[in-house]
Each structure stands twice: as C-alpha cells, then as structure tokens.
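These notes are about the structure you will find just below.
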Amino acid sequence: MMLTTMNRRAFLANTAVASAFALGAGGLASQAFAASATLSAVEWGGDVVNAMKAIAAKQSAATVNWTLFQGGAASILPNVKASWPKPAFDYIAGWEGSFQTMMQEDWLETVSVDKVPNLADIPSKVIMKNATGGWVAVPRAVGGIYFGYRKDTSPIQLASLDDLFSPKLKGAICWPGPTQCMMLQIVALALRNGGNERNMEPGWKVMKELAKSGNIGRVANTDTEFVNSLSSGETSVGCFAEPGWSGVAKNFPVAALTKQAGVPAFLYQSGFAVLKNRPNTAETLRFVNHCISPEMSALYAEIAGEAPLNVKTKVPEKLKHLAFTAEEMEKFVYIPDFSVVLGQQDAWAKRWEDEIAPLL
C-alpha cells in the first residue's frame, strides 16, 4: 500500500470520490482480441473472483484459469519467488502492499496507455511508479478496511472503539486473523490509545484486553469466513476489507463506520500485477484493458463491492461510504506509513501467535 512517489491523500480525494463522474459510452469492453489465449490468474475468492468471472464472460478471446489466495494477497509471493524467473501466473491481483514487494523484486511488466488504453481513464496519481518513473500494476478499484456491524443483529450501535469492550458484545465480534487487513485493526487500537504504526505497544495492550474480554467469537482468516460468520448470525460486529463487508451487505443491513469520529477507516486500491517472462503478456494486457473499461468497472463494482477508479464509471449508491470529500478524508481516513506497516507484518504476525492467539 506504500506509494512513495505520490500524495496518497490527494489521490484518494480525487479518485475514490469519483461519484461526480457519469458513466461514459467509451471504452473497450467488447474489444476483439487478436488471438485466443488461456491465462493463469490469481484472485481473491468470494465476490471478487465472481466479478472477474463475469467480466471474463463478457469477452470470448481469452479464457482464464483462476487460482485463489490462501489468506492475504502476500500469500502467493513465496510461490512466485520460488519459481522465478519462470512464474506460473500471467497476472496476480493485489493492492499497493503486494505491488510494492513485486516491484522491488523487479517481477512486473511496465504498463502504459499504449499497452492498456483504458488507463487513460484512470487518474495517473493512482498508478504506482518504479524508481525510473515507469508505471507498474493496473488499478481497478478502491476498497476500504473498516469497522462495522449488522444493524439487525448487533446488540449495540457502535459509536467508538471503546464500544468493542461492551459486555453486550460477548462472542459477537469477528476479528481479522494475522494474514488479513495488514493488521491495521491493531493499528486502529494503537491510535485509540495514543500510539500509531510506529508505536504499537498501546495497540497490543488493547488487543490483549479485547482478547481476554471474550467478545471475539470468531477469528476470520479469509473473506469467506468473515462473510459466513456475520451472515449466519454467529457474530455481528467486525473489522474487515470491503469485499467481506460487501458480501454481508448483499443480504443484511450493514452499518459501515467509515465516517465515524474516532474510528479510523483505511483505504486501499486493488488491481492487476502483470508478471514478466510469460508467453501471453500481450494477451494479458489486452484482457486487463477489457477489465478496466467503464462498463466492466461498473460490473466489478456491482459484484465485488469496491468503488470504481475509471472516471467514466459512476460510483454505485451502495458504495458511497467509500466516497469522501476532502474534509471527510482529512477527518475520517487514516493513512499510515505503509513502509512501516509492510515491514512489520512478519513480526506482528508472530506476536499475534505468541501473545494473542493463546488468549482467544
């Protein structure tokens, strides 16, 4: 999630809030490909891969074999590293954090409007750049990591992180596992007690208290586990990424605490990392171009539940909680130093296993 060459707050304020743009008639959603190809791709499960399958079905020149992440997006990186320089995948879905790692390893094809014409409709501030200024990875949508609850089953209406300790929430919280959400949920707890990503001791202290409280009824290590837990009524309160919340919101009323004072929301982009040294690079780039057209961006938003980045695509009403004014961005969205967050993932995961898991 680290964007070292751009102002993230400015980019998010100018792109995630694209609700002012109307759906255009342009794009290459039905572009004819030069030749058929079979692509290998890595995606998240649940509604994300369902959205991508629907998008793939809107063209007939490429077929896609899907591999699903086992945990967070970083879980596939050891596989790529072990097989390099002959990766098994044409593209890997990801976000700024996993893109950053792949960029540093020099695994990624550079992209441009010449190679991916619909990038002309993606604000350039969104696009990650390598050390020489080349574009790497293709953004497709903006999502969020945030706290929320089911309005119809939660015993209380959460107004602050303090409410997580309410005795009424015994067993009612679904908490992300250590491979999910970059452990930003613990950064949120650190912020509550005067810390931040550089000073996590306040967060770990609160996390231990929460684990001991008995309020965490489920630890979710995948989107599907989160959706199933809240949908079944096993739990009713949680913190998770947008696809998980969107999966719950399809059938139940959800309160998304993205604009709640004292409850930080975290934003991220998702997109495509096209790998080098593959025989189908040109076909992969054309498929990715199809995926980010205005029409396909709208389809992705509808199914996957992430706000579109293509400026010709209108933000759906159900995703307006991811649309922020500049003032709202400043007030409700916390942008951590992702170089710190990403650099601490292994250490934080070990600390979770050593100090938190035994308390649950």
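Criterion first (crowded, with 18+ Cβ neighbours inside 10 Å, closer than 30 Å to residue 199 by Cβ, touching a strand residue (DSSP E or B) at 6+ places or on another chain (Cβ under 9 Å) and of a type outside the set (A, V, I, L, M, F, W, C)) does residue 283 satisfy it? Spell out how you get there, then give the answer.
Values: crowded, with 18+ Cβ neighbours inside 10 Å: yes; closer than 30 Å to residue 199 by Cβ: no; touching a strand residue (DSSP E or B) at 6+ places or on another chain (Cβ under 9 Å): yes; of a type outside the set (A, V, I, L, M, F, W, C): yes.
No.
Residues that are assigned to a loop (DSSP other than H, G, I, E, B), farther than 20 Å from residue 257 by Cα and either among the aliphatic types (A, V, I, L, M) or open to solvent by 10 Å² or more (accessible area, probe 1.4 Å) (or both): does the range 300-311 have at least one? Please lay out each step first, then the result.
Of the range 300-311, the ones assigned to a loop (DSSP other than H, G, I, E, B) are 305-306, 309-311.
Applying the additional criterion that residues be farther than 20 Å from residue 257 by Cα yields 309-311.
Next, only the ones that are either among the aliphatic types (A, V, I, L, M) or open to solvent by 10 Å² or more (accessible area, probe 1.4 Å) (or both) stay: 309, 311.
Checked the range 300-311: at least one residue is assigned to a loop (DSSP other than H, G, I, E, B), farther than 20 Å from residue 257 by Cα and either among the aliphatic types (A, V, I, L, M) or open to solvent by 10 Å² or more (accessible area, probe 1.4 Å) (or both).
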Exercise for review: Take the residues in the range 90-116 that are aromatic (Phe, Trp, Tyr) and under 20 Å from the mean Cα position of the chain (by Cα), then tell me which one is modelled with the lowest pLDDT.
Suggested key: 95
Exercise for review: For the range 247-256, state whether one or more residues are surrounded by 16 or more Cβ atoms within 10 Å (Cβ to Cβ), modelled with pLDDT under 95 and touching a Gly at 6+ places or on another chain (Cβ under 6 Å).
Suggested key: yes
Revision key, fill the gap. Those residues of the range 78-97 that are in a helix (DSSP H, G or I) and open to solvent by less than 20 Å² (accessible area, probe 1.4 Å) come to a total of 3
Review point. In the range 321-337, which residue that is closer than 14 Å to residue 264 by Cα, among the aliphatic types (A, V, I, L, M) and not in a helix (DSSP H, G or I) is most open to solvent (accessible area, probe 1.4 Å)?
Key: 335
Check your understanding: Before we move on, is residue 259 open to solvent by 60 Å² or more (accessible area, probe 1.4 Å) and farther than 30 Å from residue 57 by Cα?
Key -> yes
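Looking at the range 108-118, which of its residues are in a strand (DSSP E or B) and under 27 Å from residue 305 (Cα atoms)?
Of the residues in the range 108-118, the ones in a strand (DSSP E or B) are 108, 110-111.
108, 111 - these are the residues of the range 108-118 that are in a strand (DSSP E or B) and under 27 Å from residue 305 (Cα atoms).
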Study note, to complete from the structure: Note on residue 169: of the conditions (1) over 23 Å from residue 261 (Cβ atoms); (2) open to solvent by less than 10 Å² (accessible area, probe 1.4 Å), unmet is (1)
Point to revise | Unmet requirement for residue 39, which otherwise passes all of (1) assigned to a helix (DSSP H, G or I); (2) touching a strand residue (DSSP E or B) at 6+ places or on another chain (Cβ under 6 Å) | key: (1)
Check your understanding: For residue 112, which of the numbered conditions (1) surrounded by fewer than 16 Cβ atoms within 10 Å (Cβ to Cβ); (2) more than 15 Å from residue 271 (Cα to Cα); (3) among the hydroxyl-bearing types (Ser, Thr, Tyr) fails to hold?
Key -> (2)
**Study point:** Close pairs (9 angstrom Cβ cut-off, 6 or more residues apart or separate chains): basic (Lys, Arg) in the range 278-297, part of a helix (DSSP H, G or I) and buried (at least 21 other Cβ atoms within 10 Å of the Cβ) anywhere
**Key:** 278/284
Revision key, fill the gap. Conditions (1) among the hydroxyl-bearing types (Ser, Thr, Tyr); (2) within 27 Å of residue 221 (Cβ to Cβ); (3) at pLDDT below 80 -> residue 30 fails only (2)
Exercise for review: Give me the pairs, please: first residue somewhere in the range 313-324 and more than 24 Å from residue 290 (Cα to Cα), second residue anywhere and part of a loop (DSSP other than H, G, I, E, B) and not small (Gly, Ala, Ser), beta-carbon distance under 6 Å, and either six or more positions apart or on two chains.
Suggested key: 321/258; 323/17; 323/315; 324/17
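Here is a yes/no grid of residues against (1) part of a loop (DSSP other than H, G, I, E, B); (2) open to solvent by less than 10 Å² (accessible area, probe 1.4 Å):
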| residue | (1), (2) |
| --- | --- |
| 102 | no, yes |
| 106 | yes, no |
| 120 | no, no |
| 125 | no, no |
| 133 | yes, no |
| 141 | no, yes |
| 144 | no, yes |
| 163 | no, no |
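The values are calculated or read from the model by the stated rules, or taken from the named source; none is laboratory data. All figures in this text were calculated on a predicted structure; none of them were measured in a lab. Cβ atoms come from the backbone with ideal geometry, glycine included; neighbour counts cover every protein chain shown. Remember, those area values only see protein heavy atoms, side chains included, never the ligands or the DNA or RNA. Shrake-Rupley method; radii C 1.70, N 1.55, O 1.52, S 1.80 Å.
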